Ligand code: SAM
């Protein structure tokens, strides 16, 4: 059917792609990708032939002409599939401007969801999952990084950061200093790949670990919420009693 299809691709292991994403790749009239080579490779691995189609390079910064080309294809009644280099498009990846433009022009927009490093890491970190905040990449510059961290300090949920191995040591040092060395945290690297590793501990311990034994590869950092205002146990108990009374028959 015509419309824009966002496709999730693996964050490591090539078989982490959904059957529906492969079906859409096999049948889409137009295929666009942040990284045309990696998508072509993925299609080869799974035996999805290009069959005369080509893969267009598209990034939100490729300029309005590239986007206009894809919107024009939608206008002609084509189905357009879009994948970023890894994981879910739009999540610290391009696709946002394209999705907005397609929706604003009245075209159907759908997704074949799949892996994302943020949720994979949250699943493994051993930190609360009831509420979480995806903070993406921290700024490179130290001053801007600390200002951003201060703004995130009191968010009542697990914080999720993406990081590059080049900056992990400096970032963890700043995170520990601004958010508090005692907070529980986790460093998840190379998820679904050969050297998958999860380090759990306090921010002080993880910052020290990043200094003495820097984690390599792709990394997600997760930090527990601030517990500086302890939950009042007697309030919870009286709330629970009241709720139970309301519901008794
Ligand atoms: N769209 C992707 C997603 O849904 O997770 C994220 C793309 S972003 C440009 C790349 C960052 O995601 C990396 O720097 C790293 O922080 C994280 N990442 C991607 N794959 C990962 C993996 N296999 N293990 C750990 N982190 C990963």
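The values are calculated or read from the model by the stated rules, or taken from the named source; none is laboratory data. Because the structure is a prediction, the values reported are computed rather than measured. Heads up, the Cβs are rebuilt from the backbone with ideal geometry, glycines too, and the neighbour counts pull from every protein chain shown.
Tell me yes or no: at least one residue of region 41-52 is touching a strand residue (DSSP E or B) at 6+ places or on another chain (Cβ under 7 Å) and farther than 16 Å from residue 80 by Cβ. Yes; the residues of region 41-52 include at least one that is touching a strand residue (DSSP E or B) at 6+ places or on another chain (Cβ under 7 Å) and farther than 16 Å from residue 80 by Cβ. Determine, yes or no, whether residue 63 is out of contact with any strand residue (DSSP E or B) (no Cβ under 8 Å at 6 or more places or on another chain) and more than 28 Å from residue 136 (Cβ to Cβ). For residue 63, the condition - out of contact with any strand residue (DSSP E or B) (no Cβ under 8 Å at 6 or more places or on another chain) and more than 28 Å from residue 136 (Cβ to Cβ) - is not met.
Filtering region 113-154 to residues that are in contact with a helix residue (DSSP H, G or I) (Cβ under 8 Å, 6 or more places away or on another chain) and either crowded, with 17+ Cβ neighbours inside 10 Å or assigned to a strand (DSSP E or B) (or both) leaves 114, 132, 133, 134, 135, 138, 145, 149, 152. Among residues of region 200-220 being within 12 Å of the ligand (Cβ to nearest atom) and part of a strand (DSSP E or B), the one that is nearest to the chain's Cα centre (by Cα) is 220. For region 155-174, filtering for residues that are more than 10 Å from the ligand (Cβ to nearest atom) and part of a strand (DSSP E or B) leaves 2. The C-beta contact set for region 55-72 (first residue within 22 Å of residue 40 (Cβ to Cβ), second residue assigned to a loop (DSSP other than H, G, I, E, B), distance under 6 angstrom, 6+ apart or interchain) comprises 59/34; 59/94; 60/94; 66/58. For region 175-194, does any single residue satisfy the condition of being within 16 Å of the ligand (Cβ to nearest atom), part of a helix (DSSP H, G or I) and either over 22 Å from residue 90 (Cα atoms) or in contact (Cβ under 8 Å) with a residue 40 or more places away in the chain (or both)? Yes, region 175-194 has at least one match. Within region 231-249, the residues that satisfy the criterion of being at pLDDT below 75 and over 23 Å from residue 156 (Cβ atoms) are 246, 247, 248, 249.
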